[in-house]
1. Taking 35 Å as R0, compute the FRET efficiency from the Cβ-Cβ separation of ILE173 and GLU4 and round it to 0.05.
2. Give the separation of the Cα centroids, segment 111-137 to segment 28-92, in Å.
3. Compute the angle between helix 35-48 and the longest alpha-carbon principal axis of the chain, please, reported from 0 to 90 degrees and rounded to the nearest 10.
4. Of all beta bridges DSSP finds with both residues in the chain, what is the antiparallel percent, to the nearest 5?
5. How far apart, in nm, are the 7 Å Cα→Cβ label points at GLU123 and GLU40?
6. Projected onto the charge dipole of segment 2-204 (+1 at Lys/Arg Cβ, -1 at Asp/Glu Cβ, origin at the Cα centre), which of ASN118, PRO134, VAL49 gives the Cα projection farthest towards the positive end?
7. When a footprinting reagent is the concern and you count Cβ atoms within 10 Å, what order do VAL56, VAL97, VAL83, VAL156 take, fewest first?
8. Across the chain, where is the longest run that never hits GluC sites (Glu not before Pro) in a DSSP loop with at most 12 other C-beta atoms within 10 Å?
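Just so you know, all these numbers are worked out from the coordinates, no wet-lab data involved. Fair warning: this is a prediction, and the values are worked out from it, not measured in the lab. Cβ placement follows ideal geometry from the backbone for every residue including glycine, while neighbour counts extend to all protein chains displayed.
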Amino acid sequence: MRAEIIPNEPAMLLKGRRKILLVADLHIGFIDFYDKKIIEKLKNLAESVEADEIIVLGDIKHRIGRYSRLEKLFGEFDVPLSVIKGNHDGGLDCFEVLSSRGIRIGRFGLFHGHALPNDDVMEADVLIFAHAHPSVLIEGVKVRVWIFGEFEGKKVVVMPAFNDLCASTPVNIEKPAGFMFKRWDYRSAEAIMLDGTYLGSIRLL
């Protein structure tokens, strides 16, 4: 199985016998009128890449408690959708909810980023997580970015938030939140914009 970044989208595709679409930080309910746009975008993306499954790497919703609109909003998806539990994901009952400590798919360890992953996840060759909502501040404007780096011999990928209205952390100015950023010198990692523009080492931005 291999991982591919989807051009111009805050999403990845794991490709093997099945195509698994990875997204994170939808934060449905953050701004109610925007929810349908986010969900339609995800649905269209899943169809365009012919995904067999969708996994949300945490924070599918914004409100900490139960959010009754979720089941109605996600009722039209044609492929299975599961959620690795994030720090905003209490009260979910309309999806398959996976452990907040992450899951392992082949050589990929997937987790949200707010909680300590289990040992099996941390032993994966590639660690993919979210939670940080990474961006880079460029001339006073924050732009969402991917972060690619290494940690203890493993490849690391930090996903941008799928919801473009969410607050973000400019990693060239502030230390992001999350378990990994307490252990990993992310400043040696590299930032890439959603359109593929290479920004270089975070330490030099």
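1. E between ILE173 and GLU4, to the nearest 0.05, is 0.75.
2. So the two Cα centres are separated by 19 Å.
3. 80 degrees
4. On the way: 27 of 47 bridges.
Within the chain, antiparallel bridges account for around 55 percent of the total.
5. 4.6 nm
6. So the residue furthest toward the plus end is ASN118.
7. Numbers: VAL56 27, VAL97 14, VAL83 24, VAL156 19.
Lowest to highest Cβ neighbour count: VAL97, VAL156, VAL83, VAL56.
8. Details: sites that count: GLU50, GLU76, GLU139, GLU152, GLU174.
Answer - 77-138.
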